[in-house]
Amino acid sequence: MGVLQGKTIVLGVCGGIAAYKAAALTSKLTQAGAVVRVIMTRSAVQFVAPLTFQTLSRHHVFVDTFDEKDPAVVSHINLADSADLVLIAPATANTIGKLALGLGDDMLSTTLLATMAPIWVAPAMNVHMYANPAVQTNMETLLRRGVRFIEPGEGQLACGYVGKGRLAEPEEIFAAVERHFQGEPGRLAGKHVLVTAGGTVERLDPVRYLTNDSSGKMGYAIAEEAVRMGAKVTLVSGPSALTVPEGVQLVPVQSALDMREAVLSRLGESQLIIKAAAVADYRPAVVAEQKIKKKADSLTLELIKNPDILQEIGTLKTKKQFVIGFAAETEALDEHAMDKLKRKNCDLIVGNDVSQVGAGFGGDTNVVRFYDQNGLVQALPIQSKWDVARKLLELAAERMAAAAGES
Ligand code: PMT
């Protein structure tokens, strides 16, 4: 039985020429066992008849909010509640804008506001519309709220332009939906992944400490995605308000020294080590046993260097281990990331320019570049930390398999 068997996918079809591709997508999803409930906008109906989707999905198609099909339920709430996933393909700039603004003036937008299910958006529009700052800002807003995007392709557009804006192919969207439900099991099956997350806490006295802005989101997203890909995952984390993802074994730590001990004692059992934590480079030379009293007009803190955990891992690692570091930079990202990669003997490093909007500490999104010993491998546009995590893990799984001579 496939992973889509019995899953309810609410498919929003917006008014663009790519609406015809949504018919092929409906067919694929239905054949895979999914229950596909189609909502079309009024403009979508100009391109493809609802009967096409009704025939392919074997369910009523919803267009008008007030055209209730079943008196026992309120359709947009019922659809919103029943969805395992809401997918908008193709998504126009208009629908993306409405979703970003929280507007509900038709069947699709009201359903989107009411649903608690994950929302995936596959945009399709003219290249200049796609690049328009208003559209980009709306997409960034949605990304921060956890909406996932299936990026449009580049090529000949129906409007005559060549560029980015073409709806991803139905096969691609189908594969992404399938991956969402199965998390590509097997790609990391049998592997033990050790992830670090969050910032460390360096005590000054019983009530004060030095720390940083790391929320743990990047590392937790990596841990969650690694479990979905079949790995056994240990997450060594500094203090974080986040819920531990299901299936992840949490090892809570406070200081860089605690993290070092927790990581090094588990190094031998780990095949993939990913250091997303923001570890303090320095700690107070002395930790006062009692609360430091206010006395003089100034107070000088002496800090001493913490051990560099990643560098130690780089020295200790065996040929069977794959090590990924992170580099949080505010300038000269390529240069600093490559320097850290080489100095700390990593297989990959993820560079994030934390001065960029939507990148780095605290938020749900990141803007990253992956590097290996030869230089830049991939530069990713702004996307959710889960998408970054999945792409990083897929790259790591591919490289590990290649190194083991599996592919
Ligand atoms: O947690 P979030 O709010 O989601 O934010 C994510 C993040 C910005 C923290 C994350 O994306 C990130 O960049 N993590 C690494 C931050 C960092 O400390 O970078 P660095 O350039 O200072 O360190 C480089 C690498 O060495 C890192 O892998 C770090 O874990 C490691 N390191 C650093 C110092 C030290 N003493 N020991 C280490 O292991």
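Residues in segment 186-314 average 51 Å² of solvent-accessible surface per residue, probe 1.4 Å, ligands and nucleic acids excluded.
Amide H to amide H, with H built 1.01 Å from N, Arg203 comes under 5 Å of Leu210, counting only residues 5 or more places away or on other chains. Simple spin-label estimate for Gln31 and Glu261 gives 5.8 nm between the two label positions (7 Å along the Cα-to-Cβ direction from each Cα).
Computed over segment 8-182, the percent of Cα pairs more than 22 Å apart is 38. For the listed residue pairs Lys317/Lys385; Lys28/Lys217; Lys191/Lys385; Lys232/Lys305; Lys320/Lys385, the alpha carbons are over 24 angstrom apart in Lys317/Lys385; Lys28/Lys217; Lys232/Lys305; Lys320/Lys385. Straightening the chain between Ala401 and Leu250 buys 51.7 nm, computed as 0.36 nm per residue apart minus the Cα-Cα spacing.
Can you check what the net charge comes to around Gln290, using other residues whose Cβ is under 15 Å from the Cβ of Gln290 (Lys, Arg +1; Asp, Glu -1)?
Working: positive: Arg203, Arg208, Lys291, Lys293, Lys294, Lys295; negative: Asp205, Glu289.
Computed value for this residue: +4.
All alpha carbon pair distances within the chain were sorted into 20 Å bins beginning at 0; the resulting P(r) in whole percents reads 25, 49, 23, 3, 0.
Using the Cα atoms of segment 192-406 to build a convex hull, what is its mean projected area in square nanometres?
Working: hull surface 50.9 nm².
Convex hull of Cα atoms, orientation-averaged projection: 12.7 nm².
How much length, in nm to one decimal, is gained on full extension between Asp213 and Glu331, taken as 0.36 nm per residue of separation minus their Cα-Cα distance? Mind dumping the intermediate values first?
Details: separation 118, 0.36 × 118 = 42.48 nm, distance 1.79 nm.
Residue separation times 0.36 nm, minus the Cα-Cα distance, leaves 40.7 nm.
Magnitude of the Cβ-charge dipole of segment 192-406, K/R +1 and D/E -1, about the Cα centre, nearest 20 debye?
Values: 26 positive and 28 negative charges, 99 e Å.
Its charge dipole is roughly 480 debye.
Accessible area per residue of segment 8-182 at 1.4 Å probe, in Å²? If you can, show how the numbers build up before the last one.
Values: 7600 Å² over 175 residues.
Ligands and nucleic acids excluded, the result is 43 Å² per residue.
Of Glu154, Glu312, the order by accessible heavy-atom surface (1.4 Å probe, DNA, RNA and ligands excluded), from most exposed downward, is Glu154, Glu312. Within a Cβ distance under 12 Å of His192, other residues only, what is the Lys/Arg minus Asp/Glu net charge? Result for the neighbourhood of His192: +3. Of the solvent-accessible surface of segment 8-182, computed with a 1.4 Å probe and all protein chains present, 55% belongs to carbon and sulfur.
Could you calculate the FRET efficiency of Met116 with Gln290 from 1/(1 + (r/R0)^6), where r is the beta carbon distance between them and R0 is 56 Å, rounded to 0.05?
Details: r = 49 Å, r/R0 = 0.87.
Computed FRET efficiency for Met116 and Gln290: 0.70.
Counting only DSSP beta bridges whose two residues both lie in segment 192-406, roughly 40 percent are antiparallel. Springs join every pair of Cα atoms under 10 Å in this Gaussian network model of the chain, and among Cys159, Cys346, Cys14 the largest mean-square fluctuation is at Cys159.
The values are calculated or read from the model by the stated rules, or taken from the named source; none is laboratory data. Please read all numbers here as calculations on a predicted model, not as lab measurements. Glycine gets a Cβ as well: all are built from the backbone with ideal geometry, and neighbour counts include every protein chain shown. Heavy atoms of the whole protein, side chains included, go into the accessibility calculation; ligands, DNA and RNA do not. Shrake-Rupley method; radii C 1.70, N 1.55, O 1.52, S 1.80 Å.
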